[in-house]
Amino acid sequence: MTNNQQSFEIDRRDFIKFVFGTASAVAVSGGSSIWPTEALTRPIAKPAKLALDDYNYLVDPYFDYNPQLPTYREFLSLENLSNSELKDALKDGTWRFEHHLKDPDNWSVHEIQGWLEESIDFDDMSPWGAAQYTEYGNGIRLYDALPYEDVRDLNLTLVEGDVPGSNFCGVRYDGDFEEDFDNLNRGLAGRGINLIIDGGNG
């Protein structure tokens, strides 16, 4: 085997690419018999890690609590648009920037150029969108990348609004620790996902 072990530095946007595109050294060396054969030719890397918080939600234990939020231009996918294209794309979203406008009914793109380069506020994102930039983001990305049958078998549940009026969004492990938790990591390995979840509450 000629694969070189990669270092564990995963950008937020590369998390899914990493866990579905690498294999652990244990799997490749034959130390794990449950990895799918087709996954054993991938580059070798240390498994990514997630943990469970006190309420059994999947969190990134290495999360940077000062994340760099995207600009409004980036978040709204407005890069490389002409002024006319920008105005057309934003015609139904003037509520986002009307405080920058002299006349919301007759505005020009040059009035919002500065706003487009500002980092987006959490309040301007949906609960799901905002959660992508929190410690719960990678758990949600994992959930979104898996077929429904897999998340059901792994006892993972997407929770949007844990209490009435809440804008929380995260993925919760709903299995039984004594009977099911070992099967969670075995289930990830069996699907060729290079990820370990630490059940700190087990």
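Which residue fluctuates most in the GNM of the chain (Cα springs below 10 Å): Trp107, Trp128, Trp35? The residue that fluctuates most here is Trp107.
In the chain, the longest principal axis of the Cα atoms and the axis of helix 177-190 are about 80 degrees apart.
Return the label of the correct value of Kirkwood radius over Cα pairs in Å, as calculated from the structure shown, out of (i) 18.8; (ii) 21.1; (iii) 19.4. Label (iii) holds the value from this structure.
List the trypsin sites (Lys or Arg not before Pro) within region 88-173 that DSSP assigns to loop and that have no more than 13 neighbouring Cβ atoms inside 10 Å.
Details: sites: Lys91, Arg96, Lys102, Arg141, Arg152, Arg172; in loops: Lys91, Lys102.
Within region 88-173, the qualifying trypsin sites (Lys or Arg not before Pro) (loop, at most 13 other Cβ atoms within 10 Å) are Lys91, Lys102.
Within the straight-line cut-off of under 25 Å between alpha carbons, the lysines reachable from Lys91 are Lys102, sequence neighbours fewer than 8 places apart in one chain being disregarded.
Provide the net charge surrounding Leu156, with neighbours chosen by a C-beta distance below 13 Å and charges set as Lys +1, Arg +1, Asp -1, Glu -1.
-2
Straight-line cross-link reach from Lys46 at under 27 Å between alpha-carbon atoms covers these lysines, not counting any fewer than eight positions away in the same chain: Lys17. Only DSSP H runs of four or more residues enter the estimate; each adds -39500 (n - 2.57), and after division by the residues of the chain the mean residue ellipticity at 222 nm equals -7000 deg cm²/dmol. Counting Lys and Arg as +1 and Asp and Glu as -1, what is the net charge of the other residues whose Cβ lies under 10 Å from the Cβ of Phe20? So the environment of Phe20 carries a net charge of +3.
Only bridges whose two residues both fall in the chain count here: according to DSSP, what percent of them are antiparallel, nearest 5?
The antiparallel proportion sits near 60 percent.
One Cα centroid belongs to region 42-118, the other to region 124-151; the line between them spans 16 Å. With Rh defined as the Kirkwood radius, the inverse of the mean 1/r over Cα pairs, the Rg/Rh of region 28-117 is 1.28. Put a dot 7 Å past the Cα of Trp95, heading toward its Cβ, do the same for Glu79, and the two dots end up 2.8 nm apart.
Every number in this text was worked out from the coordinates using simple rules, so none of it is lab data. Note that the coordinates shown come from a computational prediction; the quantities given were computed from them, not determined experimentally. Neighbour counts run over all protein chains shown; Cβ positions are idealised from the backbone, glycine included.
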